[in-house]
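S.K.: What follows is a structure written as structure tokens; I'll ask about it next.
The values are calculated or read from the model by the stated rules, or taken from the named source; none is laboratory data. All of these numbers come straight from a predicted model, not from anything done at the bench. Cβ atoms come from the backbone with ideal geometry, glycine included; neighbour counts cover every protein chain shown. Protein only, heavy atoms only, side chains kept; ligands, DNA and RNA dropped before computing areas. Shrake-Rupley method; radii C 1.70, N 1.55, O 1.52, S 1.80 Å.
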Amino acid sequence: MPTSSARALKADGRRMRSERTKLSIIRAYLDLLNRTLVMPTAAQIADEAGCSARSIFERFSDLDALSLATADYAITQAQAE
């Protein structure tokens, strides 16, 4: 039976993987938007991010929420530079 610390590490690894996926979705959205200047579809974003459309909607309630998260990310990146 796994110890509580082993379970915590496993859960933490899942959380980190989920955050990496979320960031790749945000970056994919931003890249597509910069290339096409048109709101990309969930399928296009998923293809660019290398994940499924379901992964997008597991992390964002809708594409508007993704758009807001992407704006926050872009602002944070600009402030860091």
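S.K.: From the list Ala78, Ala69, Ala46, Ala53, which residue is open to solvent by less than 90 Å² (accessible area, probe 1.4 Å) and over 22 Å from Arg14 (Cα atoms)? Please lay out each step first, then the result.
M.R.: Details: Ala69 fails: over 22 Å from Arg14 (Cα atoms); Ala46 fails: over 22 Å from Arg14 (Cα atoms); Ala53 fails: over 22 Å from Arg14 (Cα atoms).
When all the criteria are applied, what remains is Ala78.
S.K.: If you check Ser24 against the conditions, is it among the polar types (S, T, N, Q), closer than 23 Å to Ser52 by Cβ, within 14 Å of the chain's Cα centre (by Cα) and at pLDDT 95 or above? Talk me through it step by step, then tell me what you get.
M.R.: Values: among the polar types (S, T, N, Q): yes; closer than 23 Å to Ser52 by Cβ: yes; within 14 Å of the chain's Cα centre (by Cα): yes; at pLDDT 95 or above: yes.
So Ser24 fits the description; yes.
S.K.: Which one is nearest to Leu23 (Cα to Cα) among residues in region 56-66 that are within 11 Å of the chain's Cα centre (by Cα) and open to solvent by 50 Å² or more (accessible area, probe 1.4 Å)?
M.R.: Checked region 56-66; the qualifying residue nearest to Leu23 (Cα to Cα) is Arg59.
S.K.: Give the residues of region 61-81 that are in a helix (DSSP H, G or I) and of a type outside the set (A, V, I, L, M, F, W, C), sorted by residue number.
M.R.: Filtering region 61-81 for residues in a helix (DSSP H, G or I) gives 63-80.
Scanning region 61-81 gives Asp64, Ser67, Thr70, Asp72, Tyr73, Thr76, Gln77, Gln79.
S.K.: Now for a different question. Find all pairs meeting these conditions: Cβ atoms under 6 angstrom apart; at least six residues apart or on different chains; first residue within region 16-27 and at negative phi and surrounded by 11 or more Cβ atoms within 10 Å (Cβ to Cβ); second residue assigned to a helix (DSSP H, G or I) and hydroxyl-bearing (Ser, Thr, Tyr).
M.R.: Once the first residue is at negative phi and surrounded by 11 or more Cβ atoms within 10 Å (Cβ to Cβ) and sits in region 16-27, its partners that are assigned to a helix (DSSP H, G or I) and hydroxyl-bearing (Ser, Thr, Tyr) give Thr21/Ser55; Ile26/Thr70; Ile26/Tyr73.
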